[in-house]
Structure formats: C-alpha cells, structure tokens
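The values are calculated or read from the model by the stated rules, or taken from the named source; none is laboratory data. Treat the numbers as computed from the prediction; the structure is a model and nothing was measured. Neighbour counts run over all protein chains shown; Cβ positions are idealised from the backbone, glycine included.
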C-alpha cells in the first residue's frame with residue numbers, strides 16, 4: 001500500500017513536471033497553423049491584421065466565408081493576380097487549418113482614417129456622407145457593419161478603406177464572382193451607387209468599431 | 001543594400017568591402033566590436049547569429065524571437081538603418097526620397113535582438129563562430145543573408161573605374177548620386193543602362209528603372225534618349241507588360257543580346273560584343289554573385305557565385321548548422337526578390353526554432369509578390385506561389401496583372417508598408 005502510494009506520488013510529480021515543461025516550451029509553433037500562414041503576413045500583417053489601405057484585414061474572418069473566397073480566387077471566379085496563386089498555395093497547405101487560424105485571431109480595426117481618393121473632402125465629411133449613403137448596405141451588413149456569418153456576409157466595420165472601395169467597384173462592374181446568385185442582390189445595390197460615393201462609404205465603414 | 005554613409009561619400013561601401021575582405025571591419029566608423037579580441041559576447045543560452053539585416057536577415061532575426069523568445073539573437077549589420085532596394089528606382093525619377101525608403105532597426109532591438117553594427121569577417125563552421133575583426137561570436141545556428149556583390153573583373157576597365165561608375169543596385173548613396181547625374185544631364189544627353197546576364201538581384205528591376213528614367217527624361221529632357229544594353233536575349237521578367245509600357249517612351253533604344261564587355265571612362269564609351277556606345281551618364285549594373293562573406297566562407301557552389309541550400313530549412317548543402325537565405329541562394333525556382341528573401345527568412349527562422357527545440361520542421365513554401373512602377377502612377381505585378389514536393393520547392397503558378405493600372409500601384413504602396421513591417425516591427 002505504502003509502496004503503491006509512493007509510486008503514485010512519484011508518477012504524479014513526474015506528470016506535473018512534464019506539464020510544466022510543456023508549458024515552458026509552448027510557443028507560436030505549437031499551433032500548427034502558425035507555420036502555414038507565414039507567407040500571408042507580408043501583405044496581410046501580423047496575424048491577418050493588415051495596417052495598410054489596400055490589403056484587407058483577414059483576422060477574425062468567418063471560416064466559411066474565408067474558404068469560399070479561397071475557392072473563388074483559386075478557380076478565378078474572383079479574379080486577382082495576387083490571390084489566385086496564393087489561394088492555390090493555401091489549398092496545398094490545407095485551407096481548413098488556415099481558415100481556423102485566422103478565425104481565431106482577434107480582429108483589430110484599421111488605423112487608416114482616409115481613403116487615397118484625392119477628390120475626397122475632409123475625413124469627417126467623408127464619414128458623414130458615407131453614413132448617409134450606407135442605408136442600403138445596412139439591410140445585409142447590419143447597423144454597425146458587423147455582417148452575418150450565417151449568410152456568408154462579411155463584417156465591414158474597421159476594414160481597410162482602400163480595399164472596401166476597390167471591392168465596391170468590382171461588384172458594380174460584376175467582375176467579382178459574376179455568376180454567384182448569393183451576390184446578385186448586392187450587385188444590384190452597388191449598381192445604384194455612383195462611383196463617387198465609394199470613397200465616402202469606405203471611409204465610413206473603416207471608421208466603425 | 002545598406003548605405004555605409006550618407007550622400008556625399010558614395011563609395012564608402014566599396015572601400016568597406018575591400019577592407020572587410022582583408023579582415024578589418026573598421027571602415028564603417030563603428031569600431032566598438034572590431035577592436036575587441038576574443039569572445040565579444042559570451043553565450044549563456046541558445047543563440048542564433050544573423051549576418052546581414054536586409055529583407056531576409058531582418059525577417060529571420062525577428063521571426064526567431066517571435067517563435068521562441070528564449071533564444072538569443074545577434075544581428076550583424078554595418079548599416080545603421082534599413083534602406084529598401086524595392087521602390088528605389090522611384091528616387092531616380094524624383095518621385096520618392098531616400099527618406100521614404102529608410103527605416104530604423106529600433107523595433108528589432110525592442111524585441112531583444114542585439115544589433116552589432118559590424119561586418120562579419122569570417123565564419124568558422126567547425127568551432128561555430130563568426131569572426132568580427134580580432135573578436136568572435138559563438139552560435140548554435142547561423143543565418144547568412146549577405147545579399148549580392150559584383151563581379152567587377154568580368155568587364156574590362158571596370159575594376160579600375162568601380163569608384164566612379166555607378167551601379168545603384170544597392171539602395172543608398174549610389175542611388176542619390178545617380179539621380180543627381182540624371183538631373184544634371186543636358187537635354188539631348190544620352191543615358192546608358194546596362195543589364196547583366198541572369199542570375200542577378202531583382203529580375204524586373206532594370207526594366208522598371210528603364211521606365212522610371214524614360215518617364216523622367218520624356219518629361220524633363222525631351223531631346224535625351226536612353227539606350228539599354230541588355231546581356232539577355234529579351235526582357236527577363238514581365239516581358240509583355242514592360243513592352244506595352246515602353247510604347248509610351250519613344251526615347252528608349254532597347255538592344256537585346258548586347259552584353260557589355262569593356263568600358264572606357266575617358267572616351268565615355270562602353271563596348272559590347274557588337275557595338276561601341278557613347279554615354280553622357282552611365283548606369284552599369286555589373287554581373288553578380290553572393291555577398292563576399294558567403295564566398296569567403298565557402299558557402300558557394302562550383303560556380304563560385306551562389307549558395308545551394310536545403311529547400312525546407314535553407315541549411316547550406318556545404319556546411320551544417322549554417323542557413324543561407326535571400327539573393328545569395330540558387331537552385332530554388334524563385335526570383336531573387338525582396339519578397340522571396342522575406343519568405344526565406346521566415347522559413348529559415350521557424351526551421352531553426354523547431355530544430356533547436358527538437359521538433360519536426362514544418363513545410364513552409366515561399367511566395368513572391370513583385371510590383372514594378374511603369375510611370376508616376378501605374379504599376380504591374382507578377383506573383384508566384386509554391387509548394388514543397390519531395391523536399392523540393394516547386395512552383396504552383398505564376399500570374400501577371402492583365403495590364404498596368406493605378407489600382408496595382410495602390411496595392412504596391414500597401415505591400416511596401418506591410419512587408420517592411422513584417423521585417424522590422
């Protein structure tokens with residue numbers, strides 16, 4: 001009995017030591033996703049939190065939405081000379097793990113306050129004008145631009161403004177996923193928005209928190 | 001890649017390398033360590049030493065610390081600040097300043113990386129030491145990111161003229177001086193640019209430079225012309241896109257398969273296998289090889305020019321526990337670009353952290369995004385994606401932008417800021 005207890009105690013201590021050792025060694029590489037996304041940070045920033053105007057923030061993206069985009073990029077339905085090759089690299093590395101990795105990252109809103117549209121008035125003017133123009137967007141993207149993952153509708157709040165403005169144009173021109181029925185209503189809305197309003201809408205959504 | 005001094009002393013870099021090659025890293029004016037004998041910084045735990053803080057080296061140093069802060073990182077870099085080669089062609093056309101390409105190394109210091117502003121003078125693989133003058137640094141793993149150096153002797157007359165004939169192929173004082181020469185050239189003057197045979201740093205770089213200089217001359221010196229003497233049979237990268245862009249520049253005279261073999265600075269003339277060409281301003285980009293330390297440390301292959309490495313870990317095939325990254329490498333189907341050096345820096349760093357912790361090395365294929373500016377507002381791009389099969393990097397796809405556009409240039413601008421942050425923040 002005493003021997004058993006002693007052995008039990010020793011095993012318990014060893015297990016504790018092993019745990020402590022494990023705890024010390026735990027680092028970013030213990031998440032297998034970390035090594036798979038290292039290419040992405042060159043453009044999309046640390047953990048997908050882009051700090052630039054044109055590169056979208058992908059931290060905290062809904063995994064189903066993320067996977068749909070990778071599929072659309074890889075097949076050319078969402079044409080992008082940058083993302084088509086990288087989407088194929090992501091598929092090689094494992095899209096599920098990469099989607100899960102970015103979904104788990106805390107989203108940090110863009111620090112960019114203005115778009116690079118030279119015709120833009122002051123940022124505050126643009127944001128105010130964008131808010132007025134956003135009425136049709138609210139129907140799907142929500143009052144605060146949070147989106148609806150269940151319907152593959154992405155959040156717009158705090159997204160990089162240059163990226164938002166460019167996507168609005170692509171939707172209006174119907175060059176992004178042309179045959180996608182899920183996007184038909186969105187494109188109808190964008191066709192009614194004059195190009196001159198894209199920068200204001202982008203400034204407004206970039207400013208939302 | 002790093003300026004050794006500010007404008008006004010454009011040739012310091014070369015004198016420095018000359019001095020370094022005979023074993024004295026003193027010319028940078030920072031003698032703090034070069035005068036130290038013996039062990040410069042005794043090693044207490046596990047240590048990675050990185051030689052060179054350009055696109056590859058800075059990234060590698062940063063990612064080792066990110067992945068395992070218990071590993072000490074020492075970065076050897078004579079330059080006090082990072083200066084980007086990508087975007088430096090825009091300084092020649094007056095669209096950007098050197099300041100816009102320059103970033104401090106302070107954030108890397110904040111991560112606990114020790115930066116020593118010295119050049120490595122030798123590597124001792126057997127004792128796992130890097131020599132710096134009279135002193136040395138011990139390492140567990142070494143990253144060699146030396147960039148490129150030039151094969152002056154391949155062009156007759158160039159070795160004697162290497163202090164006055166500009167390459168401007170390492171962003172820094174030479175970039176400033178070449179911009180000044182272009183601006184001072186008389187209207188009607190001839191600018192000659194020579195392109196070396198592959199492999200060289202930044203395949204589309206010379207052709208982007210042609211666009212930028214041609215744009216500047218067309219606007220400011222309409223009687224001037226630009227003669228391109230290309231050692232290669234055609235434009236090496238983004239060929240069709242550059243051809244289209246050049247339609248806007250009738251001042252370009254492009255001569256393919258016209259390798260420069262001799263130079264006469266008194267007659268202001270370069271000689272190719274076929275022609276003699278007079279110049280007013282010359283930008284001669286010499287043939288290249290890996291940075292001097294890689295050659296001196298026997299990391300180069302039989303060609304004595306480039307370093308062969310493992311495609312997964314970037315460990316040298318010649319010396320164990322030494323990893324070579326960036327433009328100095330050969331054998332992977334990747335261009336010698338800043339983005340590839342950044343990708344190699346990450347993969348090498350995470351390989352090293354895995355190996356030092358006794359963990360399996362994950363597969364981390366590189367990627368390449370490369371933008372070129374064709375005028376003051378439009379750019380083009382090429383993107384390459386890769387996978388690793390049977391231990392070798394294989395290209396999945398190469399994609400080009402369909403045309404030059406403002407939108408691509410806007411993304412180039414964001415890429416610049418983002419990737420510098422990925423290296424230096």
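General remarks:
- Hits in region B:85-129 - residues which are more than 30 Å from residue B:179 (Cα to Cα) and either in contact with a helix residue (DSSP H, G or I) (Cβ under 9 Å, 6 or more places away or on another chain) or modelled with pLDDT under 95 (or both): B:107, B:108, B:111, B:112, B:113, B:115, B:120, B:121, B:122, B:123
Conditions (1) in a helix (DSSP H, G or I); (2) within 12 Å of chain B (Cβ to nearest Cβ); (3) modelled with pLDDT of 95 or more, marked per residue:
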{"position": "A:29", "(1), (2), (3)": "yes, yes, no"}
{"position": "A:38", "(1), (2), (3)": "no, yes, yes"}
{"position": "A:43", "(1), (2), (3)": "yes, yes, yes"}
{"position": "A:52", "(1), (2), (3)": "no, yes, yes"}
{"position": "A:80", "(1), (2), (3)": "no, yes, yes"}
{"position": "A:84", "(1), (2), (3)": "yes, yes, yes"}
{"position": "A:91", "(1), (2), (3)": "yes, yes, yes"}
{"position": "A:99", "(1), (2), (3)": "yes, no, yes"}
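- When A:124, A:185, A:150, A:157 are screened for being part of a helix (DSSP H, G or I) and either in contact (Cβ under 8 Å) with a residue 24 or more places away in the chain or within 30 Å of residue A:29 (Cβ to Cβ) (or both), only A:185 passes.
- Region B:245-267: number of residues that are more than 16 Å from residue B:374 (Cα to Cα) and more than 28 Å from the chain's Cα centre (by Cα): 2
- Test: residue in region B:378-394 that is modelled with pLDDT of 95 or more, facing chain A (nearest Cβ under 9 Å) and outside any strand (DSSP E or B): no
Condition check ((1) away from every other protein chain (no Cβ under 14 Å); (2) surrounded by 15 or more Cβ atoms within 10 Å (Cβ to Cβ); (3) at pLDDT 95 or above) across all residues:
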position	(1), (2), (3)
A:159	no, yes, yes
A:163	no, yes, yes
A:167	no, yes, yes
A:179	yes, no, no
A:184	yes, no, no
A:197	yes, yes, no
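- Some residue of region B:291-301 being surrounded by fewer than 22 Cβ atoms within 10 Å (Cβ to Cβ), in a loop (DSSP other than H, G, I, E, B) and more than 14 Å from chain A (Cβ to nearest Cβ): yes
- Residues (assigned to a loop (DSSP other than H, G, I, E, B) and more than 25 Å from residue B:188 (Cβ to Cβ)) located in region B:215-255: B:231, B:232, B:233, B:234, B:235, B:236, B:237, B:238
- Criterion (farther than 22 Å from residue B:293 by Cβ, buried (at least 21 other Cβ atoms within 10 Å of the Cβ), touching a residue at least 40 places away in the same chain (Cβ under 8 Å) and more than 14 Å from every other protein chain (Cβ to nearest Cβ)) met by exactly one of B:92, B:76: B:92
- Scanning region B:324-365 for residues that are more than 7 Å from every other protein chain (Cβ to nearest Cβ), within 27 Å of residue A:80 (Cα to Cα) and part of a loop (DSSP other than H, G, I, E, B) yields B:332, B:333, B:334, B:335, B:336, B:337, B:363.
- Of the set (1) free of Cβ contacts under 8 Å to residues at least 24 places away in the same chain; (2) within 14 Å of chain A (Cβ to nearest Cβ), all apply to residue B:318 but (2).
- Residue, farthest from the other protein chains (Cβ to nearest Cβ), within region B:397-425, restricted to residues that are over 21 Å from residue A:160 (Cβ atoms) and in contact (Cβ under 8 Å) with a residue 12 or more places away in the chain: B:404
- Just one residue in the set B:230, B:187, B:149, B:140 is over 20 Å from the mean Cα position of the chain (by Cα), under 28 Å from residue B:308 (Cα atoms) and modelled with pLDDT of 95 or more; that residue is B:140.
- Restricting attention to region A:57-68 and to residues that are surrounded by fewer than 21 Cβ atoms within 10 Å (Cβ to Cβ) and in a helix (DSSP H, G or I), the residue that is nearest to the other protein chains (Cβ to nearest Cβ) turns out to be A:67.
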